[in-house]
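Report on the following structure.
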Amino acid sequence: MTTPPSGLLLVVSSPSGAGKTTLCRRLLSEHPELQFSVSYTTRPPRSGERDGIDYHFVSDATFDAMVQQGAFAEWNWVHARRYGTSLSAVQKALASGCKILLDIDYQGATRILEVFAASARLVFILPPSLAVLEARLRGRATDSAEVIATRLRKARDELAHYPMYHYLVLNRDLLVGYEELRAIYQVELAHAEGRSPTPIDTALAKSCLGSERSALAERILLGGDA
Ligand code: ADP
Ligand code: 5GP
């Protein structure tokens, strides 16, 4: 009897502006078997965001009711709004061996690791420096000056949680950052499916292990360049 493939929860976090959405969108577009976990949020949609695709945009009252019903695998306040991951959606996907990408903050990642330790692999996207992070947030032009200031204040706090992540991707050059994320996914996908990953992917993913990259993360935290 063959063992059915196990599910995989690829959890990706970063300080806002580090490039997580850009990298994750590309990974999802090139790997149709990888499903995006659509979170629930009480924040209003940004221009171009679609309900049910980018997020389930819900009212405070609906979010309250879902919390009461125990509908979330994890939920948290992020930038003064609430965000949560559907418990039933994750359970259903894992039971059928699906591979899921979760774009959630470090608080949510901590909880997912506690609840789904066997299936969760945590990836943190690092900007090359806090100065570059600020420039990217301003360049994205999706948030008000006030929201950008809040996100920058929180960036250091978010970065400080890098040690709990299995992998650290450095997003300086987009192509290099993407190659790292892709290799990590390929290695973890192969493990979930009981196959051996390619030596090239194995070597690249290994170079992104938290144990290999902590000095680099510390330099960024201290205000320097990776
Ligand atoms: P996040 O989802 O982490 O908040 P985004 O993916 O929205 O970040 O990226 C923030 C901004 O930085 C966007 O305008 C994006 O196009 C840009 N960006 C992302 N990665 C890079 C990169 N490696 N080099 C230059 N600009 C980038
Ligand atoms: P944004 O408002 O920029 O889409 O997301 C803000 C932050 O909320 C990001 O760090 C994102 O990863 C996080 N986030 C999105 N969905 C969830 C979720 O379901 N749970 C948690 N804990 N964080 C989330």
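What the table shows:
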{"item": "Which numbered condition ILE125 misses (of (1) without any contact (Cβ under 8 Å) to a residue 60 or more places away in the chain; (2) within 16 Å of the chain's Cα centre (by Cα); (3) under 20 Å from GLU188 (Cα atoms))", "result": "(1)"}
{"item": "Conditions (1) of a type outside the set (Ser, Thr, Tyr); (2) over 20 Å from PRO15 (Cβ atoms); (3) more than 14 Å from ligand 2 (Cβ to nearest atom); (4) under 16 Å from the mean Cα position of the chain (by Cα); number of the one not met by VAL90", "result": "(3)"}
{"item": "Selection from the range 167-209 of residues that are in contact (Cβ under 8 Å) with a residue 40 or more places away in the chain, open to solvent by 20 Å² or more (accessible area, probe 1.4 Å) and of a type in the set (Gly, Ala, Ser)", "result": "GLY194"}
{"item": "Strands (runs of 3 or more DSSP E) completely within the range 10-93 that count 1 or more residues being surrounded by fewer than 19 Cβ atoms within 10 Å (Cβ to Cβ) and more than 16 Å from ligand 1 (Cβ to nearest atom)", "result": "34-36, 72-78"}
{"item": "Hits in the range 13-71 (condition: out of contact with any strand residue (DSSP E or B) (no Cβ under 7 Å at 6 or more places or on another chain) and at positive phi)", "result": "GLY17, GLY48, GLY52, GLY70"}
{"item": "Within the range 136-147, considering residues that are closer than 16 Å to GLY19 by Cα and at pLDDT below 90, the one surrounded by the fewest Cβ atoms within 10 Å (Cβ to Cβ)", "result": "ALA141"}
{"item": "Where a residue in the range 77-106 is without any contact (Cβ under 8 Å) to a residue 40 or more places away in the chain and its partner, wherever it lies, is assigned to a helix (DSSP H, G or I), with Cβ under 9 Å and at least six apart", "result": "TRP77/GLN107; VAL78/GLN107; VAL78/GLY108; VAL78/LYS154; LEU87/VAL115"}
{"item": "Any pair with Cβ under 8 angstrom, 6 or more apart, that starts in the range 45-63 at a residue that is among the small types (Gly, Ala, Ser) and ends at one that is at pLDDT 95 or above and open to solvent by less than 80 Å² (accessible area, probe 1.4 Å)", "result": "GLY52/VAL38; SER59/THR42"}
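The values are calculated or read from the model by the stated rules, or taken from the named source; none is laboratory data. Note that the structure is predicted; figures quoted are calculated from it, not measured. Cβ sites come from the backbone with ideal geometry, for glycine too, and all protein chains shown count toward neighbours. We work out accessible area using only protein heavy atoms, side chains counted, and drop any ligands, DNA or RNA first. Shrake-Rupley method; radii C 1.70, N 1.55, O 1.52, S 1.80 Å.
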